[in-house]
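Structure, as structure tokens:
What follows is calculated from the coordinates using simple rules that are stated; it is not laboratory data. What you are looking at is a predicted structure, and each value in this text was computed from that prediction instead of being measured. Positions of Cβ are generated from backbone atoms using ideal geometry, with glycine treated the same way; all protein chains shown enter the neighbour counts.
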Protein chains: 2
Amino acid sequence: MSETSTKDFSVIGKSVPKIDARDKVTGRAKYAGDLKVPGMLIGKILRSPHAHARILNINTSKAMELPGVAAVITARDVPSTFYGISPARYDETILAIEKVLQVGDKVAAVAAVDEETAVKALALIDVEYEVLPAVLDPLRAMDEGQPQVHPQYERNISVEIHQDFGDVEKAFRESYVVRTDCFQGNRATHVPMEPHAAISKWENGKLTIWSSSQSPHYFQYHISRVFGLKMGDVRVIKAFVGGGFGGKLEPSAAEYVSAALAMKTGRPVKIVFDRKEVFFHNRGRHAQHIELTTGVTKEGKILGVHAKFIIDGGSYTSLGIASAYYAGAMLPLIYDFDHFKFDGLRVHTNLPSCAAQRGHGAPQPRFAFESQLDMIAKELGMDPIEIRKVNARQPNTTTLNDLKVNSCEFTACLDKATEISDWAGKKGKLPPGQGIGIGCGGFITGAGYPIYRTRLPHASAVIKISEQGDTATLYIGAVDIGQGSDTILAQMAAEAVGINYEDVRIVSADTETTPHDFGAYASRQTLMSGHAVKQAGDEIRRQIIELAADLLEANAADVDIDRRVVFVKGSPEKTLTFENVANEFFIRKGPLVGKGSYAPPKLGGKFKGAAVGTSPAYSFAAQISQVEVDEETGQVMVTKVWDVHDCGTVINPSLLHGQVEGALFMGMGEAMYEQVVFDDKGKPLNANLGEYRVPTALDVPEVISELVDSYEPAGPWGVKEVGEGATLPTMGSYANAIYDAIGVRLYDLPLTPEKVWRAIQDRKKLL
Amino acid sequence: MSETSTKDFSVIGKSVPKIDARDKVTGRAKYAGDLKVPGMLIGKILRSPHAHARILNINTSKAMELPGVAAVITARDVPSTFYGISPARYDETILAIEKVLQVGDKVAAVAAVDEETAVKALALIDVEYEVLPAVLDPLRAMDEGQPQVHPQYERNISVEIHQDFGDVEKAFRESYVVRTDCFQGNRATHVPMEPHAAISKWENGKLTIWSSSQSPHYFQYHISRVFGLKMGDVRVIKAFVGGGFGGKLEPSAAEYVSAALAMKTGRPVKIVFDRKEVFFHNRGRHAQHIELTTGVTKEGKILGVHAKFIIDGGSYTSLGIASAYYAGAMLPLIYDFDHFKFDGLRVHTNLPSCAAQRGHGAPQPRFAFESQLDMIAKELGMDPIEIRKVNARQPNTTTLNDLKVNSCEFTACLDKATEISDWAGKKGKLPPGQGIGIGCGGFITGAGYPIYRTRLPHASAVIKISEQGDTATLYIGAVDIGQGSDTILAQMAAEAVGINYEDVRIVSADTETTPHDFGAYASRQTLMSGHAVKQAGDEIRRQIIELAADLLEANAADVDIDRRVVFVKGSPEKTLTFENVANEFFIRKGPLVGKGSYAPPKLGGKFKGAAVGTSPAYSFAAQISQVEVDEETGQVMVTKVWDVHDCGTVINPSLLHGQVEGALFMGMGEAMYEQVVFDDKGKPLNANLGEYRVPTALDVPEVISELVDSYEPAGPWGVKEVGEGATLPTMGSYANAIYDAIGVRLYDLPLTPEKVWRAIQDRKKLL
């Protein structure tokens, strides 16, 4: 808590309405699927019915003959450039070249005058497959003799990680209690309301793509590489986006295939995934098999942790290497201990690819850790909150894996959650079948390292003031995917310049008109894009103050601006309007422009791989959940949740609490309902919104979202993360609450009624 | 001619293809009438059938009941704010309040779901008029007892000008020859291929208008004033424009009425004028009645000029005050004399309003002057070119009305025209019925004074370099109406920065995204907007050079950039690519932005009203035309024209010669064919393209367009005017060529076969 945190801001800290609220509520907002470009064709993708097969032959002639079909393409017609996230593991192509690696893999594509014709044409493409044995079980995928998904990844090992900090064996030897437990995570997926969609236009040697994207600049990088174009000849424009959650961070076949079809036909091509295709593309949560060993002193102080993971990567690498590192790297964040060992194995299977999903690799390990900590507390006879306070990270410390933590109000979060939930009055004291549990979490505020190899700033911004001085336009590459970044960046621009929120216009997420920004992932934009905005706004403010000082015959050091009033401190009669000064500036010197950019300082990362967890700042959260379990059916009702977040300065309280609730409900879905399941041929059984259950408004509990006073010195105005962190404590707090309610411990996500019921039966057998 | 004029430029001086050429030839270019906005209604305007009438009653109820009609508005439903160009003469309203002042005046309007319904609805509006006597003859309009067009302009006098420089009576007394002749100009109109069109959208308290506009920033100023909105709440975006020529410099009813209907209905409204409405709106050439008296010495030196004008302003003032001043102010530009008197009278009639048309008020007085100069030369026995050379303006001189001329290669123009046309071999020596004649002209390069009262720079520009360093985006308010300004400004940006034309993207003519610029009129953009571009480009170049000097370990003074190569002069091994340096700049310092703005220096204007002619620079031109007259029919064929223009440095030769040809053909139309004619009720008889004849490709002569070497110190890279100047010499050169061919002198524009034939008959009678 810093003195600065009490500053009375003018624009930030206020729950202004979202800048696009009217467009969204009136339906004027256009998502990529809504857009129409003159002459546009509709593209459709033919997908593999097999989990693993060799393509022997594709006959497209009948499809080509269908009236209304403009093009039918296979791998022969498109670049065979392999792509992916990390150059060492480029393993995916626009269309499958020799083999398909999962059900739903991309085999061929059609562009036609309308969707009906395109769908008919797909049915006319003859593909001859040689079906190959498939590997579907990640726990067996690395065994000798299993089918190979990719020839270059021996024994299907995508990445193998061994990290060793301190001497964990010695720590265990010195511990009073050492526990080993195994946990099983679930294969969840993002389920954005809007499926992936893109329109590609190829004109005058330039490719323009309107896309449902979390990162137009990152898309531009990949797409230009795959098609062998100059980056400047690829323009990616974000349309309104109906949710991403990590699934729209890399280009999908919607972009690649529509671009290939546009280049083939010379006409714009739109591809909108249906819901099943979203499941095929996936890139959702890895199912993690976790073996966790923790040793503590008699007083509950954690001495060492050894975590072993086998995670199911599915067909392609995508962002999965980072996911595997995050699983381990984030474990030492919120509790302070000195000895840590982490063995991770990401394996390939013939299932849809897993990658980044809200919280990235961290939520399931956090579930395991929070569950085990409660078990240890019970063994020690300690209160679960007490054991967390004993180990809670403190401000201005460095984790064993070299993550530098500045602000940290984790203890305050624990105290406040305890207080507002009436923990003391409830823990162990609720009626039978009811229980209360705690889970905690912490998360990065943007990644310390760039998402691809570049020395460009992570974020940059330009602000232009109109010649009348009445409006400011913020040009920024940051990406609003529904979370409200356009709104809070506009608030920041207003605060920095000294004008009102209503005066700010924003142009964002277009590679041609907005400067470089890595986009919406890793909870980075408020801090990183915010820094660029503040710097650009400060540059405007400085120029206005200099001129105003001249006009008011005052020292620049005495002049300030607040909500459009330019004034001399201590001389209330000496004021000018912002309009007047800005207009006078334009008259004297031409356009009034401010620029800003941000790259994180060199951050930790002295341990190989652990660099994945480096960030300028970290958030912390404690969550307490209250549940009611129907012991007859195993049905768990979460009745109330108290979330206390340490997120630094708040820019927009409404949006912030919306993020907490959204993350918490997403965590709830993963904790209680969600799992993609497959038959023994690798075909998904519930790739639809009827059978893949996400929480609805009727399922979710009452949420009390509270904050602690906090100021992050590495953030502009003291900000840090909020968008993902609240997914982390949820699973553990539910499992712990269920234990409190009915005395059964669940290790296997999601915590479905069936599993709860079976655990109750098992407990009964033991009694 | 300056040494600098021989500099070998890298990008300017090249005939690169127009930046929008592909869009235009493929039909992809969208003009305002092509645009569709979701939910859009079609607006139509009910116009007066009477030249002068009182509106007694308007009944809109039947129109309102027609299914598909969303709104019917009259003056009661819209702001009654008077508008116009000069605050002293705001005399027009969105819809007529009490009286209609011309046939086609705006009475009511409808918005409906489609055009058919809107047209039907117009027919259902009942208007009760009291028809009033109309004044149609400008020569009688100021007589006592004539109907008053506007109550506030006594005797229908719109403006009365009396300017007196030197002592013209004394000059005449000292002259060897003094001639007085009367000339009659014609009421011509612009005839842009694209009629006026606009779509207005009213959303969240903001008005957005896509318009066929010569000046979005000027439209923004007027429209916000009329509707009582903040300028920042009005956004005007230029669509592709199919010609303006002065007729789209102020908002028309297309903008005002569509905006009013959009605000009334809450839905976007499009209005596209039909051709008749373009004639009703007009704002074209004033018909000028000119009495010109000139006194010269025996040697042909002009001693004094007295010009008297009565010009027909039509119904509203519009830009007509400036037109009236230009008529006189431009006369002393190209010939040097010391005594000048100018009496001008602009009068109102119940005819469509006249205002600015290519060349503004200057072409008809120039026709008169060039004709009379030939008559005087004949009296003196001088060659017409000789008398022009005796009087030709020289560089670095000031006119009697305080116009400061820097570069001036008028004598060189005369010499070159003489030479290339074989004047000496042809003048007086061609077979009967054939003749050759000369006419000259000179024009401003932008107005020295702003078009409305503001201290904003006349032009401003921002250039942003992409993070990859591969492209530059130029943001500029300048307005491409087909003349190619986007192209030449992109060339200038490339030249200034040191990159290639193909690397430049341009965003122009949008009040929200581009900085202030007065727009496309007075031949101002190449010089004024060009200055802003050069300044912005220089700022980029300076930043690149500073960084490159650092990277190359050289002195910044030794580093230069040319077509993307950054090099150390004299060290050919020390080079970097522009991409690399610009990308490195972004990495180190964030966005690379340059800004520029331009306001002309304080220019002349020590004489009231003469300020209208002040400009940073003036062009000069000599035009020689060869004609063949059919004496049986009076038909004149122009067989060849030689135009020699002094326009300073050339940015794009193809576009420049295209401007010369376009201006010349427009001058030809006015000289030979064009005149809007009315019946005795003030109803136009030829308000269509069948009966109002403009030259077609089959009518126009072969044109030899040549330049003289010239460098204008007030222009960026030495540029000055070309877009309008070539209209000026045409009329006079034709009249003089006809005289040379058949010995008859024509004083009355246009020089139709009928007039030529009648003059031939009159001459025969005299013989």
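Using R0 = 30 Å, the C-beta based FRET efficiency linking B:ALA123 and B:ASP34 works out to 0.65. Treating cross-link reach as a plain straight distance, find the lysines whose alpha-carbon is under 19 Å from the alpha-carbon of B:LYS99, omitting any fewer than eight places away in the same chain. Straight-line reach from B:LYS99, under 19 Å: B:LYS681, B:LYS683.
Taking a 20 Å limit on the Cα-Cα distance, which of the listed pairs A:LYS44/A:LYS264; A:LYS720/B:LYS464; A:LYS301/A:LYS720 fall beyond it?
Working: A:LYS44/A:LYS264 14 Å; A:LYS720/B:LYS464 30 Å; A:LYS301/A:LYS720 28 Å.
A:LYS720/B:LYS464; A:LYS301/A:LYS720, as the Cα separations exceed 20 Å there.
Relative contact order, whole percent, for chain A stands at 16, derived from Cα pairs under 8 Å and 6 or more residues apart. With one equal scatterer per alpha carbon and no solvent term, the Debye-computed log10 I(q)/I(0) for the stretch B:570-668 at 0.13, 0.22 1/Å reads -0.86, -1.18. Peptide B:506-518 has a mean of 3 when you count, residue by residue, the C-beta atoms of other protein chains within 10 Å of its C-beta. Determine the shape class of the stretch B:1-126: with a ≥ b ≥ c the square roots of the Cα gyration tensor eigenvalues, call it rounded for a/c under 1.5, and otherwise prolate if a/b is greater than b/c, oblate otherwise. Oblate is the answer for the stretch B:1-126, as a/c is 1.5 or above yet b/c matches or exceeds a/b. When each of the peptides A:526-539, B:371-384, A:431-444 is scored by the mean number of other C-beta atoms lying within 10 Å of its residues, the order from highest to lowest reads A:526-539, A:431-444, B:371-384. For the protein assembly as shown, the dipole from Cβ point charges (+1 on Lys and Arg, -1 on Asp and Glu) about the Cα centre works out to 440 debye, to the nearest 20.
Most simply put, the stretch B:258-342 has about 70% antiparallel DSSP beta bridges, counting only bridges with both residues inside it. Within chain A, all pairs of alpha-carbon atoms sorted by distance into 10 Å bins from zero give the percentages 3, 14, 23, 24, 19, 11, 5, 1, 0.
Taking the DSSP bridge list for chain A and keeping only pairs wholly inside it, about 75 percent are antiparallel.
Packing order of peptides B:296-305, A:324-333, highest average first: A:324-333, B:296-305 (average count of other Cβ atoms within 10 Å over each peptide's residues). Straight-line reach from B:LYS765: taking Cα to Cα under 17 Å and skipping same-chain neighbours fewer than 8 places apart, the lysines in range are B:LYS755.
Quick note on the stretch A:92-151: its Rg to Rh ratio, both from C-alpha atoms and Rh being the Kirkwood radius, is 1.10.
Mean separation of Cα pairs under 8 Å and 6+ residues apart, divided by the residue count of the stretch B:37-192: what relative contact order is that in percent?
28
Non-local lysine pairs in the stretch B:191-255, meaning eight or more places apart or on different chains, with alpha-carbon distances under 16 Å, amount to 4. Taken along its three principal axes, the alpha carbon spread of the stretch B:640-767 comes to 55, 40, 28 Å, from the longest extent down to the shortest.
Whole-percent P(r), the protein assembly as shown, all Cα pairs, 20 Å bins from 0: 9, 30, 31, 19, 9, 2, 0.
Across the stretch B:628-639, computed HN-Hα scalar couplings (Karplus, 6.51 cos²θ - 1.76 cosθ + 1.60, θ = phi - 60°) run 9, 10, 8, 6, 6, 10, x, 5, 10, 10, 7, 8 Hz from first to last residue, x flagging Gly and Pro.
Summing charges over all other residues whose Cβ lies under 14 Å from the Cβ of A:GLU584, with Lys and Arg as +1 and Asp and Glu as -1, gives -2.
Taking every residue in B:581-593 and counting other chain Cβ atoms within 10 Å of its Cβ, the average works out to 5.
Packing order of peptides A:668-674, B:65-71, B:194-200, highest average first: B:194-200, A:668-674, B:65-71 (average count of other Cβ atoms within 10 Å over each peptide's residues). Annotation: lysines with alpha-carbon distance below 27 angstrom to A:LYS298 (same-chain offsets under eight excluded): A:LYS170, A:LYS308, A:LYS341, A:LYS378, A:LYS389, A:LYS416, A:LYS426, A:LYS427, A:LYS429. Looking at the protein assembly as shown, the DSSP beta bridges with both ends there are about 75 percent antiparallel. Per-residue mean of foreign Cβ neighbours for A:227-235 is 3 (Cβ atoms of other chains, 10 Å radius). Cβ-Cβ distance of B:GLU154 and B:GLU291, R₀ of 35 Å, FRET efficiency by 1/(1 + (r/R0)^6): the value works out to about 0.90.
Using the Kirkwood formula on the Cα atoms of the stretch B:405-554, what hydrodynamic radius do you get, in angstrom to one decimal?
On the way: mean 1/r = 0.0543 Å⁻¹.
Radius from the Kirkwood sum: 18.4 Å.
Can you check what the net charge comes to around B:THR74, using other residues whose Cβ is under 15 Å from the Cβ of B:THR74 (Lys, Arg +1; Asp, Glu -1)? Combined, the nearby Lys, Arg, Asp and Glu give +3.
How big is the C-alpha Rg of the stretch B:425-465 next to the rule-of-thumb value 2.2 N^0.38 Å, as a ratio?
Values: Rg = 23.2 Å, N = 41, 2.2 N^0.38 = 9.0 Å.
Its radius of gyration relative to the 2.2 N^0.38 Å reference: 2.57.
When only C-alpha pairs under 8 Å and at least 6 residues apart count, what is the relative contact order of the stretch A:557-684, in percent? Can you show the working numbers first?
Values: 91 pairs, mean separation 13.2, N = 128.
It rounds to 10 percent for the stretch A:557-684.
Taken over the stretch B:280-417, the convex hull of the Cα atoms encloses 110 Å³ per residue. A Förster distance of 45 Å, applied to the separation of the beta-carbon atoms of A:ASP748 and B:ARG588, puts the FRET efficiency at 0.30. Here's how it looks for B:ARG505: its modeled amide H is under 5 Å from those of B:ALA472, B:THR473, B:LEU474, which are all 5 or more places away or on a different chain. Using a 7 Å projection from Cα along Cα-to-Cβ, the label point at A:GLU291 is separated from the same position in the remaining copies by 11.4 nm, smallest value first.
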